[in-house]
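What follows is a set of notes on a single structure, which appears directly below.
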Amino acid sequence: MHTRVFRQSLCTVMLLAAGVLNPVTAAQGERTALRVCADPSQPPASTKDLTGFENRIAELFGKSLGLPVEYTWFPQRMGFIRKTLKNFDNATDQYPCDLVMEAPERFELAATTIPYFRSTWVFVYAKGRGIDGVETIEQLKALPKEKKEALRIGVFDRSPAARWLMSQGLYRSMVSFQSMTGDLAEYPGKIIEREMVEGTIDAAVVWGPIAGYAAKRVKDLELVLLPMPEDTGFKFDFQMHMAVRHGEDEWRETINGLIRKHQPEIDAILTEFGVPLLPLREAASTQDAD
């Protein structure tokens, strides 16, 4: 018995090495769980205590499929897909997880589903810091130069916000923050929850889901959120998808079906988390290479 199992496993490994058998095919089988690849500390999206909106949506999908939800945790930084979704284990003949709950448009590392939400970056400011009454980005741009330059505006490096502020002549107002630090417990919302509350900055330009979630948590300040418009000349709105491995077309269509079936519930979860939602645009999912 053990000899037969060993020979079967050895045969699989040899076929994989020779390129005859696709790892996706080798890992196929009846699903006993909805296995999600996720970051353990990335609120509001994903947390190890299962309080993020990705966790809530995964639970919704699991119930719909009649499967328990299981997680493989790894920080969502460089190497995330390689260490989770595409990390085939020859010893177990499978991947550790099968679904990434959030992937950007035109994602090349995996096959993406239809989009399930669209949001935009947001200009957030604290009332009482000199620009009360500003209700649109156009009003912000029309403020006197001295008022705008007096603001301390937090931005993340390598973000469209930094480029936009520079285009407005506000480079001296920028206070730059690292988008990824060595501390895995740091999450981007702290630019509002800590830096703005403590007075290090008066405003910030932040990805909408982060801004909305952080604003709901801040109790010591009255915050105003101004969604960035589409006519700034910079790309601020993005649609988010889910992702599976290339070659798993049937599984991708299963997830597409779940998104279509549960879109109202998904929207309700995202709204509960303060995510500023924009109407979805039609978009093709990532197709497998020929």
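Any read-out appearing in this document is the output of simple, stated calculations on the displayed coordinates, not a laboratory observation. Since we're looking at a predicted model, the values are computed, not measured. When we count neighbours, we look across all protein chains shown, and the Cβ atoms used for this are built from the backbone with ideal geometry, even at glycine.
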On the first, second and third principal axes, largest extent first, how far apart are the outermost C-alpha atoms of the chain in Å?
-> 79, 37, 36
At most 14 other Cβ atoms within 10 Å and a DSSP loop assignment: could you name the GluC sites (Glu not before Pro) in the stretch 36-121 that fit?
-> Glu108
Once all Cα-Cα distances of the stretch 119-237 are split into 5 Å bins that start at 0, what whole-number percent is in each one?
-> 2, 12, 24, 28, 22, 10, 3, 1
Longest segment of the chain lacking trypsin sites (Lys or Arg not before Pro) that sit in a DSSP loop with at most 14 other Cβ atoms within 10 Å | 159-218
What whole-number value in cubic angstrom gives the convex hull volume per residue for the C-alpha atoms of the stretch 110-157?
-> 134
Determine ³J(HN,Hα), in whole Hz, for all residues of the stretch 75-87 in sequence, where each value follows from phi through the Karplus function 6.51 cos²θ - 1.76 cosθ + 1.60 and θ = phi - 60°; x replaces Gly and Pro.
-> x, 7, 10, 4, x, 4, 5, 4, 8, 10, 4, 10, 8
Here the alpha-carbon Rg of the stretch 229-287 over 2.2 N^0.38 Å rounds to 1.35
In nm², what is the average projected area of the convex hull enclosing the Cα atoms of the stretch 44-104?
-> 4.9
